[in-house]
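The values are calculated or read from the model by the stated rules, or taken from the named source; none is laboratory data. Treat the numbers as computed from the prediction; the structure is a model and nothing was measured. Neighbour counts are summed over all protein chains in view; Cβ atoms, including those assigned to glycine, are modelled from backbone coordinates with ideal geometry.
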């Protein structure tokens, strides 16, 4: 079976392809069909995931999976949240977003920097699917002052998942097992077994 993955983020694409490999599904990036991204006009991770999956299914004619995820910091009332990828501006790099978050937390003690990654995944069989599958998960941690680690992407180097260990310091396999995206995708894979055509 083929499906399209609605993301332009190379890190997410690699992460999701690795997690989907056991299903023996041919995963194609949305970029093979269009360079136009869906407008993320939703007010929640779930809304944006559905918008992106619907767009990907429309442009490809294939079933689609879309993820919307980000980081919520309690001291910032949940920011950056759905704006995580563009926290420092629409064309901001991962480094610029990370730097802005550290700047905004400069006066917040480490003990009060509790945060979590959240992920919503949506699967649509076709673009007019009125009953998309949606799975959500979160990963608790806190924001540290100094980036550490070379793995992962986004805010991973400052997202401490246990004392002395950031998400960027975890081996890829371990990160996939523990992460918000990994948890949500395992839920989705379990659901997909019931809706995908039998071989």
I'd like to know if the range 122-144 contains one or more residues that are within 16 Å of the chain's Cα centre (by Cα), within 20 Å of residue 80 (Cα to Cα) and not in a strand (DSSP E or B).
no
Residue 140: passes all of (1) exposed (fewer than 15 other Cβ atoms within 10 Å of the Cβ); (2) in contact with a strand residue (DSSP E or B) (Cβ under 9 Å, 6 or more places away or on another chain); (3) modelled with pLDDT under 95 but (3)
Only one of 62, 102 is assigned to a loop (DSSP other than H, G, I, E, B) and in contact (Cβ under 8 Å) with a residue 24 or more places away in the chain, namely 62
If you go through the range 23-30 one residue at a time, do you hit one that is surrounded by fewer than 14 Cβ atoms within 10 Å (Cβ to Cβ), out of contact with any strand residue (DSSP E or B) (no Cβ under 8 Å at 6 or more places or on another chain) and more than 25 Å from residue 139 (Cα to Cα)?
yes
Regarding the range 18-29, can at least one residue be identified that is within 15 Å of residue 119 (Cα to Cα) and in contact with a helix residue (DSSP H, G or I) (Cβ under 8 Å, 6 or more places away or on another chain)?
yes
* Asked: Would the range 86-96 turn up any residue that is outside any helix (DSSP H, G or I), over 23 Å from residue 75 (Cα atoms), out of contact with any helix residue (DSSP H, G or I) (no Cβ under 9 Å at 6 or more places or on another chain) and in contact (Cβ under 8 Å) with a residue 12 or more places away in the chain?
  -> no
Only one of (1) touching a residue at least 12 places away in the same chain (Cβ under 8 Å); (2) out of contact with any strand residue (DSSP E or B) (no Cβ under 7 Å at 6 or more places or on another chain); (3) within 24 Å of residue 73 (Cα to Cα) does not apply to residue 119, and that is (2)
Conditions (1) exposed (fewer than 15 other Cβ atoms within 10 Å of the Cβ); (2) touching a helix residue (DSSP H, G or I) at 6+ places or on another chain (Cβ under 7 Å); (3) on the phi > 0 side of the Ramachandran plot -> residue 164 fails only (2)
Scanning the range 170-182 residue by residue, those surrounded by fewer than 20 Cβ atoms within 10 Å (Cβ to Cβ) and either in contact with a helix residue (DSSP H, G or I) (Cβ under 8 Å, 6 or more places away or on another chain) or within 22 Å of residue 63 (Cα to Cα) (or both) turn out to be 172, 176
Within the range 41-53, restricting to residues that are touching a helix residue (DSSP H, G or I) at 6+ places or on another chain (Cβ under 9 Å) and crowded, with 16+ Cβ neighbours inside 10 Å, the one that is nearest to residue 181 (Cα to Cα) is 45
Selection from the range 4-45 of residues in a helix (DSSP H, G or I) and over 18 Å from residue 184 (Cβ atoms) yields 10, 30, 31, 32
Per the filter on the range 66-84, residues surrounded by fewer than 17 Cβ atoms within 10 Å (Cβ to Cβ) and within 16 Å of residue 46 (Cβ to Cβ) are 78, 83
